[in-house]
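What follows is a set of notes on a single structure, which appears directly below.
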Amino acid sequence: MYTLPYAAGARYLFVQGANSKMCHRAELSYDFKMKKGSTVCAARGGVVESARADSDKGGLQPENLADGNFVIVRHADGGKACYWHLQQGGVLVAVGDSVRAGQPIGRSGNTGYTAFPHLHFQVYDGQDREILVRFATRKGVRYLRPGRSYRSVAR
C-alpha cells in the first residue's frame with residue numbers, strides 16, 4: 001500500500017493510469033495533474049537511489065525523452081518508486097538519504113517528455129517489473145480511477 005505522492009490534505013486530479021490510451025499503453029504508471037512547484041512527497045519510505053534536477057527541457061519532442069528530472073526511492077522490500085517530471089532544481093533530497101512516507105522529496109514540474117505540468121509516478125517490484133499499487137485515500141485503500149481527484153490523507 002502506498003500513500004498518495006503529495007502533501008497530506010492536498011487534492012489533485014488523477015489524469016491517467018495504467019495502460020491508458022493517452023500515452024501509458026503497456027505501462028503501469030500514474031499521472032497527477034499538478035501546478036509547477038507543487039510539493040511531491042514520498043509515497044512510501046526508503047532510501048533515495050537516484051535523482052536528477054538539472055534539466056530545464058520539456059515538451060513532446062522526442063529529444064526530451066531523456067531530459068526529465070526525477071527521484072527514485074528504493075524500499076526495504078527491494079521495490080522502488082519513481083517520481084518524474086520534477087522542475088529544474090526541484091529535488092529536495094540527495095542520493096543515499098533515508099525518506100519516510102509523506103516526506104517532501106521534490107517539486108512538480110514539466111521536464112522531459114511531457115505535454116503539461118504533472119507528476120508521473122511509477123512503482124517496480126524487487127525484480128524491476130512495473131506493478132499496480134493501491135493507495136490510502138479518505139475512502140480506504142483502493143486503486144485509483146482516472147478523471148477523479150484524490151485528497152491525500154495524514155500518514
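Every number here is computed from the coordinates shown, using simple stated rules; none is lab data. Computed from a predicted model, the values in this text were never measured in an experiment. As a convention, Cβ positions derive from the backbone with ideal geometry for all residues, glycine included, and neighbour counts pool all protein chains shown.
Of Gly109, Gly96, Gly68, which is the most mobile in a GNM of the chain whose springs link Cα atoms less than 10 angstrom apart?
With Cα springs under 10 Å in the chain, the top fluctuation among Gly109, Gly96, Gly68 is at Gly96.
Output the relative contact order of the chain, whole-number percent, from Cα pairs under 8 angstrom with separation of 6+ residues.
It comes to 34 percent, rounded to a whole number.
Which option, (i) 8.8; (ii) 8.1; (iii) 9.6, is the value of mean projected area of the Cα convex hull in nm² that was calculated from these coordinates?
(ii)
If each residue's Cβ is checked for other Cβ atoms within 10 Å, how do Asp125, Asp31 rank with the fewest at the top?
In order of increasing Cβ crowding within 10 Å: Asp125, Asp31.
Quick check on the exposure proxy: order Ile131, Ile72 from fewest to most C-beta atoms within 10 angstrom.
Ranking Ile131, Ile72 by Cβ neighbours within 10 Å, fewest first, gives Ile131, Ile72.
Please list 3J(HN,Hα) in residue order for segment 87-104, calculated via the Karplus relation 6.51 cos²θ - 1.76 cosθ + 1.60 where θ = phi - 60°; whole Hz, with x for glycine and proline.
Each residue of segment 87-104 in turn: 6, 4, x, x, 9, 9, 10, 10, 4, x, 5, 7, 10, 10, 4, x, 6, x Hz.
Return the aspartates and glutamates within reach of Lys57: Cα separation strictly under 17 angstrom, same-chain partners fewer than 8 residues apart disregarded; answer none if there are no such residues.
Counting by Cα, and skipping residues close in sequence, Lys57 has these aspartates and glutamates nearby: Asp67.
Cβ under 11 Å from Arg138's Cβ, Arg138 left aside: what net charge do those residues give with Lys, Arg +1 and Asp, Glu -1?
+4
Given H placed 1.01 Å from N in the peptide plane, which residues other than close sequence neighbours of Ser29 have an amide H under 5 Å from its amide H?
Here Ala18, Asn19 satisfy the definition.
Roughly how many debye, to the nearest 20, is the charge dipole of segment 43-155 about its Cα centre, given +1 on each Lys and Arg Cβ, -1 on each Asp and Glu Cβ, and no other charges?
My answer is approximately 880 debye.
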